[in-house]
Each structure stands twice: as structure tokens, then as C-alpha cells.
Ligand code: PMT
């Protein structure tokens, strides 16, 4: 679950800072990348050297470090992680977080982040109970920041009560549960097709279509973001490879077919590629010459293998959920429903690709999700929003049942 995840751990200055060393070790054992930011006072409790040795990375602490800013920058530092963890969190850093104060690297990163934040408080019982602290905690909770602990026990100062930082294993359990809920497709394997296929006429010329790969790539990114091991089989596009996705480049429909079949077994298949239905029967190994006075050559076409249909009827290797797309220029729902039956997939995403819609190559799409329960009209959305919504539906389907897919 934690393998390959990236945690930004902010260590503030409390006696419990030693626990953060154990937390780093346990995260690293699980294959998690841990990058650490230490406040000035944290360095009174743990050394940057020990933190760096355990995290196997450099340690950050100085907001005005020219080297750090040139290399990564505090904004990037806050964005590169999957989750921010503040452990231990002193009453001081929580007060700054609640008030929006950014007077050092740690607090600036916390202000600049667009990621979720987990806080493991550590302080004296009176400080914990103080109205100011409790108000700050309520503010932070209302903003979606969530807390591990504190717990009750004997304190370093000799008092007893609530305020002790929870043990590293409990922080770890919170982190794991975060990724379990935010990665509902963890442990699932998905194949996504995207982009056009190119069908060679001769070594120079080919038949292609207008697919840009925007929709298919966005779907692969959304599935990977939800934790699915995602293989993206794509024809030539200008799209950048989505993070965390295994991208396989192909040109022709037959190559796409081979790679998709070779990638089985999978739990999910989404065929968003615009696959050529036909290819030239013969691809000469020499350029067809234009002879003076000769008639234009006629190109005999043969049918390409149907990837969607093959995946839908792959016997015991059939993905539990097979989703096709239908690109239509008329009678959208009727044609797409007929395609759902013919190709034996579970769902079909119908989109109108008439010239004036801008669906091919554009940034938005207006789709209709057709399932055994009928057709749902989705509003016009950006392609990444269509992808997120489809991925949510897919995750919902798997959380309902891994067996019955209708
Ligand atoms: O790439 P973009 O510019 O973002 O545009 C997105 C899109 C319009 C290409 C996409 O949303 C879309 O509609 N993709 C499917 C295009 C298509 O080929 O539709 P179709 O109706 O011809 O095919 C039906 C389904 O069968 C599709 O899932 C297709 O991938 C699949 N198919 C078709 C032929 C074939 N030989 N093998 C297949 O798997």
C-alpha cells in the first residue's frame, strides 16, 4: 500500500521528535519515499544528519537557502508529496497553521501545499487543554486536516495526561488507512487504450484518424491516481506520459492488439483508442511511385482485429469490467447501445464526434454512460473530469462487488 508513495514529513521541535526517526525507518522499510523538513527547534532534538541517513535523502530547513530554492523550491517541495505529515506537531506549529503564518520553511510549505495533511500532536497536558490550542485544533479540523492522537500518559516534564505523541506504528496505521481510502483501486490492474492507430500503406504513407489521446491518457492518469496498476497502450500522440503509468507505444491496430492481449490478465479494460477498423491489405516495402499518366492506385482494405471484443470474450482472462467507447456521428445512443451488445463489453461511453463538436483533439467531451441499467447523460466536462468521474464509477463498481459486473 505504501510502496512508491511520497511523504513529506515535517518535524517540529518537541521531545517526541525521536519518534519521527522510527517513523521514517518504518516508512522506508515499506518502500515509501520520505522527504523531511526540520524546524529550527527540531534540530535541538534530532540532528539533520540522522534524519538524512534514515530517509536516504537530503533534509530541508532553510526557507532562504539559495541552493534548495534553485534545486526544488519550497512550493515544489509542498506539491511533490502524496501526503504531508507533521510529527511531532508542537502547539506552536499548530497555532501557526491555524493562523496562516508562514515564517519558516515548514510553515510556508504547509501554507503552499495542495495535499492532505496529517498531524500528530505532542505537548504538555496543560498546553493541550488550553483553550487557544483547542480552538486552533477545531479550526484545523474544520479545514480537513486530520489528527493522529495525542494519547494519555506520563510526560517528559513529569506530569500525566493527554498530549503524548502516539507511537510511530499508530501514525503509520493512519497513513496506511489514508492511502487505502484515497486509493480504492489499489491492487487492481487496468489496461487503457488511447490515441489513434496508424495503418501503413507503404513505408511513407499511412491511414490515421484525429484522436489526440487526451481522453485515453486522462483515464489512465485517473485510474493510476486511484491506485490501479495501469498499463496505457497508446498510438502516436503529443500527450505526456501520465505519472505512475506503464506506457506502451504502438503504431498499428495489430500492435495494439498484441500488447493488450499480452497485458492480460487485468481487472479493468478501458478502450478509448480510436482504432482503425480496416488496414491496407498489403503494405509494400517500397514507396508506391506516381507514374505519369497512370491511374491512382486503389487500396484494398482488410479488417483489423477487434481489441475491445477480444478483451470482452477473453474467457477466464476476461477483465471483470470492460469499458468501450463509441465514437458516433449520428443516432448516438442507439448506435452505442448496439455496439455494447455487439462487442459484449460491460459499459460503453458514447460520444458524438461530429465535426462541430470538437471532441476529437479538444479539451472537453460530452458523454453518455451506457450500462445494462440504461443510459446516463453527463454534462459537458473537461476530458480529465470525464476521466475522474469514470474512474470513480469504476472504483464504485469494484467496491460494490468484485464478481457481478452488469
Ligand atoms: O483522443 P481524443 O482526441 O481525446 O478523442 C477521444 C475519442 C473521441 C477518440 C474517444 O473519446 C473515443 O470515442 N474513442 C473511441 C473511438 C472509436 O474508435 O470508436 P468506435 O466507435 O470506432 O469503436 C468502438 C470501440 O471499439 C472503441 O472502444 C474502440 O477503442 C474499440 N475498437 C474499435 C475497433 C477495433 N479494431 N478495436 C477496438 O478495440
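The values are calculated or read from the model by the stated rules, or taken from the named source; none is laboratory data. A quick note: this is a predicted structure, and the numbers were derived from the prediction, not measured. Positions of Cβ are backbone-derived with ideal geometry, glycine not excepted, and every protein chain shown enters the neighbour counts.
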Are any of the residues in the stretch 146-169 modelled with pLDDT of 95 or more, more than 22 Å from residue 15 (Cα to Cα) and either surrounded by 19 or more Cβ atoms within 10 Å (Cβ to Cβ) or in the same structural domain as residue 20 (by TED's automatic domain parsing) (or both)?
-> no
Quick check, is residue 362 within 12 Å of the ligand (Cβ to nearest atom), part of a loop (DSSP other than H, G, I, E, B) and either more than 22 Å from residue 265 (Cβ to Cβ) or modelled with pLDDT under 95 (or both)?
-> yes
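Table: residues versus (1) assigned to a loop (DSSP other than H, G, I, E, B); (2) within 14 Å of the ligand (Cβ to nearest atom).
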site: 220; (1), (2): no, yes
site: 223; (1), (2): no, no
site: 232; (1), (2): no, yes
site: 236; (1), (2): yes, yes
site: 248; (1), (2): no, no
site: 266; (1), (2): yes, no
site: 288; (1), (2): yes, no
site: 297; (1), (2): yes, no
site: 305; (1), (2): yes, yes
Among the residues of the stretch 154-165, is any farther than 30 Å from residue 19 by Cα, in contact with a strand residue (DSSP E or B) (Cβ under 8 Å, 6 or more places away or on another chain), more than 16 Å from the ligand (Cβ to nearest atom) and in a loop (DSSP other than H, G, I, E, B)?
-> no
Of the candidates 174, 167, the one satisfying the condition of being over 30 Å from residue 289 (Cα atoms), in contact (Cβ under 8 Å) with a residue 60 or more places away in the chain and more than 17 Å from the chain's Cα centre (by Cα) is 167
In the stretch 316-336, is there at least one residue being near the ligand (Cβ under 8 Å from one of its atoms), touching a helix residue (DSSP H, G or I) at 6+ places or on another chain (Cβ under 8 Å) and not in a strand (DSSP E or B)?
-> no
Meets criteria (buried (at least 18 other Cβ atoms within 10 Å of the Cβ), on the phi > 0 side of the Ramachandran plot, out of contact with any helix residue (DSSP H, G or I) (no Cβ under 6 Å at 6 or more places or on another chain) and touching a residue at least 24 places away in the same chain (Cβ under 8 Å)) for residue 213 | yes
How many residues are within 29 Å of the chain's Cα centre (by Cα) and farther than 20 Å from residue 107 by Cβ if we restrict to the stretch 38-52?
-> 1
Based on what the data block shows, is residue 227 more than 16 Å from the ligand (Cβ to nearest atom), at positive phi and in contact with a helix residue (DSSP H, G or I) (Cβ under 8 Å, 6 or more places away or on another chain)?
-> yes
Per the filter on the stretch 377-401, residues touching a strand residue (DSSP E or B) at 6+ places or on another chain (Cβ under 8 Å) and loosely packed, with under 13 Cβ neighbours inside 10 Å are 377, 380
Is it true that some residue in the stretch 340-347 is more than 25 Å from the chain's Cα centre (by Cα), under 30 Å from residue 381 (Cβ atoms), in contact (Cβ under 8 Å) with a residue 40 or more places away in the chain and near the ligand (Cβ under 9 Å from one of its atoms)?
-> no
Looking only at the stretch 366-391, count how many residues are at pLDDT 95 or above and closer than 16 Å to residue 220 by Cα.
-> 6
What residue, of 312, 354, is within 12 Å of the ligand (Cβ to nearest atom) and modelled with pLDDT under 95?
-> 354
For the stretch 9-112, please list each of the helices (runs of 4 or more DSSP H) lying entirely inside it that holds at least 3 residues being at pLDDT 95 or above, surrounded by 17 or more Cβ atoms within 10 Å (Cβ to Cβ) and assigned by TED's automatic domain parsing to the domain that holds residue 132.
-> 17-29, 48-55, 91-99, 105-112
Just to be sure, is residue 201 away from the ligand (no atom under 14 Å from the Cβ) and at pLDDT 95 or above?
-> yes
Could you tell me which of the residues 185, 172 is part of a loop (DSSP other than H, G, I, E, B) and away from the ligand (no atom under 16 Å from the Cβ)?
-> 185
Criterion (touching a residue at least 40 places away in the same chain (Cβ under 8 Å) and over 27 Å from residue 182 (Cβ atoms)) met by exactly one of 15, 7 | 15
Taking the stated definitions as given, is residue 253 in contact with a helix residue (DSSP H, G or I) (Cβ under 9 Å, 6 or more places away or on another chain) and crowded, with 24+ Cβ neighbours inside 10 Å?
-> yes
Residues (in a loop (DSSP other than H, G, I, E, B) and either out of contact with any helix residue (DSSP H, G or I) (no Cβ under 8 Å at 6 or more places or on another chain) or assigned by TED's automatic domain parsing to the domain that holds residue 23 (or both)) located in the stretch 189-210 = 198, 201, 202, 203, 204, 205, 208, 209, 210
